[in-house]
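Chemist: Quick one: structure below, then a few questions.
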Amino acid sequence: MNLTWLSVIVAAVFEVVLVIGLKHADSLLEWTITAVAIVISFSVMIRTGRKLPVGTVYAVFVGLGSAGTVLSEIILFNEPFSIEKILLVGVLLAGVMGLKLVTKETPAEGGEV
């Protein structure tokens with residue numbers, strides 16, 4: 001895995017932080033962390049979109065963010081666990097990995113010059 005794809009994972013982690021913050025933030029510190037997560041997540045995604053195909057990057061980003069959010073809610077916030085949720089997250093992650101495997105790592109059109 002190269003650093004560009006690692007950047008997508010980092011952006012997805014910050015996406016999970018921002019989604020959790022949007023739902024659970026109560027204090028100024030928590031809202032500040034949420035705002036910082038938004039800036040980092042989107043900044044990293046914009047830079048990554050200049051190096052890889054935007055559609056694939058976005059799909060991987062959203063897939064990882066969605067899976068991370070579901071798992072975080074179950075682990076951190078006592079969201080009801082169900083085998084169906086875990087299986088569907090697994091299917092989602094399999095699709096994300098498949099997209100990554102079939103994507104050529106050439107610069108996206110209109111990317112860095």
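Chemist: Go through region 44-57 residue by residue and tally those that are in a helix (DSSP H, G or I) and either at pLDDT 95 or above or surrounded by 16 or more Cβ atoms within 10 Å (Cβ to Cβ) (or both).
Modeler: Filtering region 44-57 for residues in a helix (DSSP H, G or I) gives 44-49, 54-57.
Subset that is either at pLDDT 95 or above or surrounded by 16 or more Cβ atoms within 10 Å (Cβ to Cβ) (or both): 44-45, 48-49, 54, 56-57.
Adding up the residues that qualify gives 7.
Chemist: Is there a residue in region 20-31 that is free of Cβ contacts under 8 Å to residues at least 12 places away in the same chain, under 22 Å from Leu88 (Cβ atoms) and either surrounded by fewer than 19 Cβ atoms within 10 Å (Cβ to Cβ) or of a type in the set (Ser, Thr, Tyr) (or both)? Please lay out each step first, then the result.
Modeler: Start the filter on region 20-31 by keeping residues that are free of Cβ contacts under 8 Å to residues at least 12 places away in the same chain, which leaves 23, 25-31.
Next cut, under 22 Å from Leu88 (Cβ atoms) only: 23.
Cutting the leftovers down to either surrounded by fewer than 19 Cβ atoms within 10 Å (Cβ to Cβ) or of a type in the set (Ser, Thr, Tyr) (or both) gives us 23.
Checked against the condition, which is being free of Cβ contacts under 8 Å to residues at least 12 places away in the same chain, under 22 Å from Leu88 (Cβ atoms) and either surrounded by fewer than 19 Cβ atoms within 10 Å (Cβ to Cβ) or of a type in the set (Ser, Thr, Tyr) (or both), region 20-31 yields at least one hit.
Chemist: Right, next: Which one is surrounded by the fewest Cβ atoms within 10 Å (Cβ to Cβ), of the residues in region 58-109 that are outside any helix (DSSP H, G or I) and touching a Ser or Thr at 6+ places or on another chain (Cβ under 8 Å)? It would help to see each step written out before you state the result.
Modeler: The first filter runs over region 58-109 and keeps only residues outside any helix (DSSP H, G or I), leaving 78-82, 103-109.
From the residues that got through so far, the ones that are touching a Ser or Thr at 6+ places or on another chain (Cβ under 8 Å) too are 103, 105.
On the way: Thr103: 16, Glu105: 12.
Ranking the qualifying residues of region 58-109, first place goes to Glu105.
Chemist: Confirm whether Glu15 is open to solvent by 60 Å² or more (accessible area, probe 1.4 Å) and either acidic (Asp, Glu) or touching a Lys or Arg at 6+ places or on another chain (Cβ under 9 Å) (or both). Break it down stepwise before answering.
Modeler: Details: open to solvent by 60 Å² or more (accessible area, probe 1.4 Å): no; either acidic (Asp, Glu) or touching a Lys or Arg at 6+ places or on another chain (Cβ under 9 Å) (or both): yes.
The answer is no for Glu15.
The values are calculated or read from the model by the stated rules, or taken from the named source; none is laboratory data. Small disclaimer: the values here were computed from a predicted structure and weren't measured. A quick note on method: Cβ atoms are made from the backbone with ideal geometry, for glycine too, and the neighbour counts reach across all protein chains shown. In case anyone asks, the SASA skips ligands and DNA or RNA and just uses the protein heavy atoms, side chains included. Shrake-Rupley method; radii C 1.70, N 1.55, O 1.52, S 1.80 Å.
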